[in-house]
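Shown next, in structure tokens, is the structure this report addresses.
The values are calculated or read from the model by the stated rules, or taken from the named source; none is laboratory data. Quick caveat: nothing in here was measured; it's all calculated off a predicted structure. Don't worry about glycine lacking a Cβ; one is built from the backbone with ideal geometry, like all the others, and counts go over all protein chains shown.
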Amino acid sequence: MNKKEQILKATLKLIVEKGIESTPMSEIAKAADTGMGAIYNHFPNKESLISALYFYLKAKESAIIMEGYDPSLPVKQRFIWLWKKMINYFMAEPMDFTFLEQFYYSPAIDPKAKHEGSLYVSVLDSVYLDGQKQQIIKDGNVKEWIGFTSGSLVSLVKLHHSNYICLQDESIDNYIQAAWDAIRS
């Protein structure tokens with residue numbers, strides 16, 4: 001692992017434990033076993049470090065959900081594929097999940113960075129748009145439908161991580177089917 005990856009890994013751990021606003025650069029340097037100069041050689045400020053971690057995790061998420069993805073499948077099968085892969089990733093990597101949630105919903109983060117991060121999973125947009133073109137997904141703003149779908153499915157992952165529920169493959173399939181039923185025409 002190179003120095004930059006060490007810094008990103010330490011940042012992820014600290015932000016998940018303490019939150020974005022409560023994690024000073026000095027603590028990141030200590031946790032990464034490096035000096036402040038090394039951090040500033042890679043990242044000019046905390047905002048750029050946080051954004052770099054976000055983009056790193058979004059690229060990881062995209063690679064995971066796109067592995068084995070077949071864009072020629074029918075819309076419903078692509079919808080199920082993408083959401084199942086995403087839920088499984090979020091369940092397998094709770095620190096990634098927690099950071100991405102904190103980043104996305106933090107008012108201190110530049111909305112432009114949030115938008116750029118969403119481009120890593122733009123394949124979701126195409127699935128919903130294809131479904132609308134084929135009149136099998138309800139009309140409306142695609143981003144809002146994705147938000148509606150992800151809201152319910154991501155909430156289940158949060159409940160799983162808090163040990164309130166224990167998601168199993170069968171229940172994940174049922175919830176994804178329920179999300180599909182909610183948006184289909």
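When K112, K133, K138 are checked against the criterion of being modelled with pLDDT of 95 or more, of a type in the set (D, E, K, R) and surrounded by fewer than 11 Cβ atoms within 10 Å (Cβ to Cβ), a single residue qualifies: K133.
Where helices (runs of 4 or more DSSP H) fall wholly inside segment 20-82, the ranges with 2 or more residues that are more than 22 Å from Y105 (Cα to Cα), without any contact (Cβ under 8 Å) to a residue 24 or more places away in the chain and not assigned by TED's automatic domain parsing to the domain that holds A92 are 25-31, 36-42. Of the listed requirements (1) surrounded by 13 or more Cβ atoms within 10 Å (Cβ to Cβ); (2) in contact with a His (Cβ under 9 Å, 6 or more places away or on another chain), C166 misses just one: (1). In the set S22, S51, only one residue is of a type outside the set (F, W, Y), buried (at least 20 other Cβ atoms within 10 Å of the Cβ), over 12 Å from the mean Cα position of the chain (by Cα) and modelled with pLDDT under 90; that residue is S51. Every test in (1) over 30 Å from K133 (Cβ atoms); (2) touching a helix residue (DSSP H, G or I) at 6+ places or on another chain (Cβ under 7 Å) is passed by K30 save one, and that test is (2). Filtering D96, D70 for residues that are exposed (fewer than 14 other Cβ atoms within 10 Å of the Cβ) and either modelled with pLDDT of 90 or more or closer than 29 Å to K138 by Cα (or both) leaves a single hit, D70. Per the conditions (1) within 30 Å of E170 (Cβ to Cβ); (2) within 21 Å of the chain's Cα centre (by Cα), the sole criterion not satisfied by V75 is (2). For I65, are the conditions met, namely being among the β-branched types (V, I, T) and farther than 20 Å from S122 by Cα? When the stated conditions are applied, I65 does not pass them.
Once segment 1-19 is narrowed to residues that are hydrophobic (A, V, I, L, M, F, W, C) and touching a residue at least 24 places away in the same chain (Cβ under 8 Å), the residue that is farthest from Q102 (Cα to Cα) is I7.
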